[in-house]
Amino acid sequence: MRGIRTRSVEPVTARSSTAGNTTAMLTLLYDVHGNLPALEAVLADAGEQGASEYFIGGDVALFGPWPKDTVRRLRELEPATWIRGNGERWTADPDSAPEPVRGATAAAREALGDAMVDELNALPQSSPIGADGTTRAWHGSPVSDVRSFFPEPAEDEEELLADVTERRLIFGHTHLPFRRTSSLGGVELVNPGSVGMPFDGDHRAAYALLAPDGTIEHRRVAYDHVAPVAALRDRYGDASWTTGPIYRLTHARPESS
């Protein structure tokens, strides 16, 4: 799998620098979703940019054709900070997952094994980034791992930010890369995008780099996005739960869009 690195690289959106200084270039990896070729392409690009530390923001395995291989590859990254997402929680507790995705959680649990599932579910829900206390990362938001921010403010943004004291929040879940300042408290909101399953119509893997001076750069990396679709079909056949992931990978959008 590590040979799948055909890619083109292009930074997208703007760089920003307000908070969260680190001591080395930090790679922000969110929503990999068991897509190993996308992860390999991103890691190769990050290495070329000089990144040497990693932040893994949850939803690493669920819905993809290579759940265990993806976790193993991520575990090779050092130093790395991990948090969990709703995918890890759902895989550990299928009853908490929506009915349509329970087939996917069962498949992920079988592939990962009980011990790995429990270890991933035991990860913290959030973590500070940097030592200055100005940046914190979540999977979705401080309120929930399945509620998050969008490129344009939603009606619940005030609620999601109610107890936030940091100047910058980093999060994923929506699979939409963006950066903007909230209207409430001037908090910088940063979504690096999804490594393995983007929802913005662009098939390229999305991630972001956080430089030592606090600058964030969104990046996109092309890879063979047809490969995970074929792998899902090869591995799981016509299992009904694969319909959603195959659509998302094929169209780079969620089914409802």
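The rows are residues; the columns are (1) surrounded by fewer than 21 Cβ atoms within 10 Å (Cβ to Cβ); (2) among the small types (Gly, Ala, Ser); (3) touching a helix residue (DSSP H, G or I) at 6+ places or on another chain (Cβ under 7 Å); (4) closer than 27 Å to Asp132 by Cα.
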{"residue": "Leu184", "(1), (2), (3), (4)": "yes, no, yes, yes"}
{"residue": "Asn191", "(1), (2), (3), (4)": "no, no, no, yes"}
{"residue": "Met197", "(1), (2), (3), (4)": "no, no, yes, no"}
{"residue": "Pro212", "(1), (2), (3), (4)": "yes, no, no, yes"}
{"residue": "Arg219", "(1), (2), (3), (4)": "no, no, yes, yes"}
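When the stretch 104-127 is filtered for residues that are of a type in the set (Gly, Ala, Ser) and outside any strand (DSSP E or B), the ones remaining, listed by number, are Ala104, Ala106, Ala107, Ala108, Ala111, Gly113, Ala115, Ala122.
Before we move on, is Val190 part of a strand (DSSP E or B), closer than 28 Å to Arg253 by Cβ and touching a residue at least 24 places away in the same chain (Cβ under 8 Å)? So Val190 passes the test. Within the stretch 145-158, residues that are part of a loop (DSSP other than H, G, I, E, B) sit with their Cβ atoms under 7 Å from residues that are surrounded by 14 or more Cβ atoms within 10 Å (Cβ to Cβ) and of a type in the set (A, V, I, L, M, F, W, C), at 6+ positions apart or across chains, in these pairs: Arg147/Leu160; Ser148/Phe171; Phe149/Leu160; Phe149/Phe171; Phe149/Leu189; Phe150/Leu176; Pro151/Leu176; Pro151/Phe178. Among the residues making up the stretch 93-123, those that are over 21 Å from Thr242 (Cβ atoms) and surrounded by 15 or more Cβ atoms within 10 Å (Cβ to Cβ) are Met116, Glu119, Leu120, Asn121, Leu123.
Asp213 - would you say it is out of contact with any Gly (no Cβ under 6 Å at 6 or more places or on another chain), closer than 20 Å to Glu53 by Cβ, modelled with pLDDT under 95 and of a type in the set (Asp, Glu)? It is true that Asp213 is out of contact with any Gly (no Cβ under 6 Å at 6 or more places or on another chain), closer than 20 Å to Glu53 by Cβ, modelled with pLDDT under 95 and of a type in the set (Asp, Glu). Scanning the stretch 157-171 for residues that are over 11 Å from Gly185 (Cβ atoms) and buried (at least 19 other Cβ atoms within 10 Å of the Cβ) yields Leu160, Arg168, Ile170, Phe171. Considering the stretch 237-257 alone, what residues qualify as being in contact (Cβ under 8 Å) with a residue 40 or more places away in the chain and not in a helix (DSSP H, G or I)? If the condition is that a residue be in contact (Cβ under 8 Å) with a residue 40 or more places away in the chain and not in a helix (DSSP H, G or I), then Ala239, Ala252, Arg253, Pro254, Ser257 are the ones that fit. Annotation note: Cβ proximity below 9 Å between a residue of the stretch 41-55 that is in contact (Cβ under 8 Å) with a residue 24 or more places away in the chain and more than 21 Å from His225 (Cβ to Cβ) and a residue that is in a helix (DSSP H, G or I) and charged (D, E, K, R) (sequence gap 6+ or interchain) occurs for Ala51/Asp45.
Any idea how many residues of the stretch 46-83 are surrounded by fewer than 24 Cβ atoms within 10 Å (Cβ to Cβ) and either at pLDDT below 95 or charged (D, E, K, R) (or both)? The number of residues fulfilling the criteria is 9. The numbered conditions (1) modelled with pLDDT under 95; (2) closer than 19 Å to Leu120 by Cα are all true for Thr23 except (2). Which ones in the stretch 128-144 are in contact with a helix residue (DSSP H, G or I) (Cβ under 6 Å, 6 or more places away or on another chain) and either assigned to a helix (DSSP H, G or I) or under 30 Å from Ala24 (Cβ atoms) (or both)? Answer for the stretch 128-144, where residues must be in contact with a helix residue (DSSP H, G or I) (Cβ under 6 Å, 6 or more places away or on another chain) and either assigned to a helix (DSSP H, G or I) or under 30 Å from Ala24 (Cβ atoms) (or both): just Ser141.
Selection within the stretch 28-81: residues that are polar (S, T, N, Q) and closer than 30 Å to Ala239 by Cα. The member of this set that is nearest to the chain's Cα centre (by Cα) is Asn35.
The values are calculated or read from the model by the stated rules, or taken from the named source; none is laboratory data. This is a predicted model, so every value here is computed, not measured. For neighbour counting, all protein chains shown are included, and Cβ atoms are generated from backbone atoms with ideal geometry for every residue, glycine included.
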